[in-house]
Amino acid sequence: MFGITSALSEEQQKKLLSLFGRVRLHLLYKASKHGFTAAAFHNRCDLQGPTVIVAYNPAGFAFGAYTSKDYTQCGQPIYDQEAFVYSITAGENKPLRVAGITGQSAFTDVGTGPNFGALVFLHGDQPAILSSPGVGFNFEAPAMHGGSLDLNEMEVYRVEGVSLLAEPCRDTQWTAERKQHLMKSVNDYKPEIKAVHQARVLLVGPVGSGKSSFFNSISSAFRGNMTSQAIAGTAGKSVTTQFRTYTIKAGKGGKLLPLILCDTMGFEENAEAGLDIEDIVSICKGHVKDRYQFSPSAPIQENSPGYKKHVTLTDMIHCVVYVVDASKVSLLKQKMLDKFAAIRRKSNQLGIPQLLLMTKVDEACPLVAQDLKNVYRSVYIQKVSRDLSEALGIPLSCVLPVKNYSNELDLDQKTDILLLTAVVQMLNYADNFFENLDTEGIKDQLDLYRSNDHLRPSIEHNAV
Ligand SMILES: Nc1nc2c(ncn2[C@@H]2O[C@H](COP(=O)(O)OP(=O)(O)OP(=O)(O)O)[C@@H](O)[C@H]2O)c(=O)[nH]1
Ligand SMILES: [Mg+2]
C-alpha cells in the first residue's frame, strides 16, 4: 500500500516471516490510518486470500492470527488447517506459534472484527481484543499478549506466494513437444486476409512493464539463443522513445515469421508525460512509420516526418496487447487505469481485439520464481490476474502471464512455452480482427479509418 508504512520493527518482521518461509507481506490495513472498526477492516481485507493480522499492545507484544482463507462475512465458521495464532515478543528468540485445535473452526466469518475464537480483534469496534484461550486455539495468555487487552495498533498483511492451487487453472504440458508444437503454430500461421502476410501486434503499457523485453524474449526463443535487439532496462522515464516494428526470424538466417511486434514508448500516469493516446490511435490506424521518434509534447501530425498518409490493412494494428508488470498491480493508480480505459475505448471503436500480457510473474510470486510451472497454480498470480481483469475490464481468459528473459544467459523450456503460448493467442486474436472485417458492417468499420479507398481492394480472404 503506497505511502503507508508498516509498524513492524526489522526484528519483528524477520520473526514474522520465519513463520511462513519464502513469502512477501503486503500491507492492506492499518487501524491507526483506516480506523479501529470492523467495517474498515472488512473494507480492506475481504477477499484478499491468505492474510496475517498483527496486533500491537501497550505491553510491547506483537501477536495475531494467520488464515489461508478469504474473509467474506458469510456468517459461517471457517475451517482452515493452515490457520494459526502467534506472538513475536521482543526478547524471545523464537516466535510462539499455535495451530488450531483439531475439529474446531479457525474463525467465524462475520461482519464484526476478525473472530478467531481464542482471540477476537477489534472487539466491540474498539482498539481492543477479547482473549479466550482454549476456544479454537490453546495458549497461555501471558506468553501470547502479556495479559494486555488494549491495542495501540493493528495491521493486516496479505501473505503473497504462500499457497498453490491443488489443480492448475490452465492445462499445459511443459515438454519439448509442446514447445515445438507452439513454434510450428506460429510458423504456419497465415492471416485470414490474402493481402496481409503478417499479423501486426501492438505492445502498449506503463514504463518498464517489459514491452521491449517481450520482443527480445520471443526473438531469442525462435533464434535459439539470447538476443537483445530492443534496448530494455530501467530508468525513471521510458527507455524506448521510438516506435519500432520488429520482425522475427524463425532461427538464425531463417524465414520471417508471420508476426510483427510493435514496440512503443511506455506511458505514465501524468497526462503530459510518456506515450500520448492520440499516438496510439495513429499507430493502430497504421499511420506511424518504423523509428518514429515520439514526442511527449505533441502527438504525431499529418505533416510529421514519420507520418504515413496512405495506409492499407497491412499497416494497421490487428491486435493490441496491454503489457502490465504483475509485481506492481497493487500500485496501479487510477490515472493509469483511466489511460488503459481510454485506449480500450479507441481500440474497441476500431474493432481491434485486445489481450493483456502480465509480465514479471517471477518477481510477483516467489513460488513461480522457484518453478515457472507454478504460474497456473499460484493463488497469488490468480488473484493478480483477477484484479487486473476487473480493473481493466478485460476477460480473465485474455490475461496471459509470462516471464520475459531479463538477465539469463541460456534459454529455458518452460519460459519459452509460456512466451509462445502468449504469441499463439495473439495470432488467434489477430484473426478475430480479420474475421470482424468480413461482416455486414465492413464499410462502417473501414470508414472509421482514414483512406478507406486504399483498403477496400485488399480485403480478399485467404482460402482456408
Ligand atoms: N524478472 C523479470 N524482469 C523483467 C521481466 N520483463 C522485463 N524485466 C526487466 O524489467 C525492466 C524493464 O523492461 P523493459 O523491457 O525495458 O520494459 P519496457 O516496457 O520496454 O519499458 P520502457 O521502454 O521504458 O517503457 C528490464 O530491466 C527488464 O530486464 C520479467 O518477466 N521478469
Ligand atoms: Mg521499452
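In segment 196-203, the condition of being within 16 Å of ligand 1 (Cβ to nearest atom) and either in contact with a Phe, Trp or Tyr (Cβ under 9 Å, 6 or more places away or on another chain) or modelled with pLDDT under 95 (or both) is met by at least one residue.
Taking segment 6-33 as the range and being of a type in the set (Gly, Ala, Ser), touching a strand residue (DSSP E or B) at 6+ places or on another chain (Cβ under 6 Å) and assigned to a loop (DSSP other than H, G, I, E, B) as the test, the residues that pass are SER6, ALA7.
Screening ALA128, ALA90, ALA99, ALA141 for residues that are touching a residue at least 40 places away in the same chain (Cβ under 8 Å) and either of a type outside the set (Asp, Glu) or in the same structural domain as PHE20 (by TED's automatic domain parsing) (or both) leaves exactly one candidate, ALA90. Of all residues in segment 261-299, those satisfying the criterion of being free of Cβ contacts under 8 Å to residues at least 60 places away in the same chain and assigned to a helix (DSSP H, G or I) are GLU278, ASP279, SER282.
Filtering ALA65, ALA38 for residues that are in contact (Cβ under 8 Å) with a residue 12 or more places away in the chain, in the same structural domain as SER105 (by TED's automatic domain parsing), crowded, with 16+ Cβ neighbours inside 10 Å and more than 20 Å from GLY136 (Cα to Cα) leaves a single hit, ALA38. The test for being in contact with a helix residue (DSSP H, G or I) (Cβ under 9 Å, 6 or more places away or on another chain), polar (S, T, N, Q) and closer than 21 Å to VAL159 by Cα holds for SER68. Set side by side, the residues GLY210, GLY136 differ, and just one is on the phi > 0 side of the Ramachandran plot and not assigned by TED's automatic domain parsing to the domain that holds LEU396, which is GLY136. Note on segment 300-347: residues that are crowded, with 17+ Cβ neighbours inside 10 Å, hydroxyl-bearing (Ser, Thr, Tyr) and within 21 Å of the chain's Cα centre (by Cα) amount to 3. Those strands (runs of 3 or more DSSP E) of segment 85-147 in which at least 3 residues are at pLDDT 95 or above and crowded, with 16+ Cβ neighbours inside 10 Å, considering only elements entirely within it, cover 119-121, 129-131. Do the conditions hold for VAL288, that is, is it in contact with a Ser or Thr (Cβ under 7 Å, 6 or more places away or on another chain), within 19 Å of CYS319 (Cα to Cα), more than 11 Å from ligand 1 (Cβ to nearest atom) and aliphatic (A, V, I, L, M)? In short, yes.
Table: residues versus (1) free of Cβ contacts under 8 Å to residues at least 60 places away in the same chain; (2) touching a strand residue (DSSP E or B) at 6+ places or on another chain (Cβ under 7 Å); (3) outside the structural domain of LEU332 (by TED's automatic domain parsing).
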site	(1), (2), (3)
ILE381	yes, yes, no
LEU396	yes, no, no
TYR405	no, no, no
GLN413	no, no, no
LEU420	no, no, no
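The set of residues from segment 191-226 being part of a strand (DSSP E or B) and either within 16 Å of ligand 2 (Cβ to nearest atom) or aliphatic (A, V, I, L, M) (or both) comprises ILE193, ALA199, VAL201, LEU202, LEU203, VAL204, PRO206.
Per-residue answers, yes or no, for (1) on the phi > 0 side of the Ramachandran plot; (2) within 12 Å of ligand 1 (Cβ to nearest atom); (3) not basic (Lys, Arg):
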residue	(1), (2), (3)
SER228	no, yes, yes
THR240	no, yes, yes
GLY251	yes, no, yes
ASN270	no, no, yes
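No other residue among VAL186, VAL159 is outside any loop (DSSP other than H, G, I, E, B), surrounded by 16 or more Cβ atoms within 10 Å (Cβ to Cβ), modelled with pLDDT under 95 and more than 16 Å from ligand 2 (Cβ to nearest atom) apart from VAL159.
Take GLN104 and decide whether it is of a type outside the set (Lys, Arg) and assigned by TED's automatic domain parsing to the domain that holds PRO366. No. Taking the numbered list (1) part of a helix (DSSP H, G or I); (2) in contact (Cβ under 8 Å) with a residue 60 or more places away in the chain; (3) buried (at least 17 other Cβ atoms within 10 Å of the Cβ) in turn, ALA55 passes all entries but (1). The residue of segment 228-260 that is surrounded by the most Cβ atoms within 10 Å (Cβ to Cβ), among those that are polar (S, T, N, Q), away from ligand 2 (no atom under 11 Å from the Cβ) and part of a strand (DSSP E or B), is THR245. Of all residues in segment 357-407, exactly one satisfies the criterion of being polar (S, T, N, Q), out of contact with any Leu (no Cβ under 9 Å at 6 or more places or on another chain) and crowded, with 21+ Cβ neighbours inside 10 Å, namely THR359.
The values are calculated or read from the model by the stated rules, or taken from the named source; none is laboratory data. Because the structure is predicted, anything quoted here is derived from the model rather than measured. All Cβ positions, glycine included, derive from the backbone under ideal geometry; neighbour counts span all protein chains shown.
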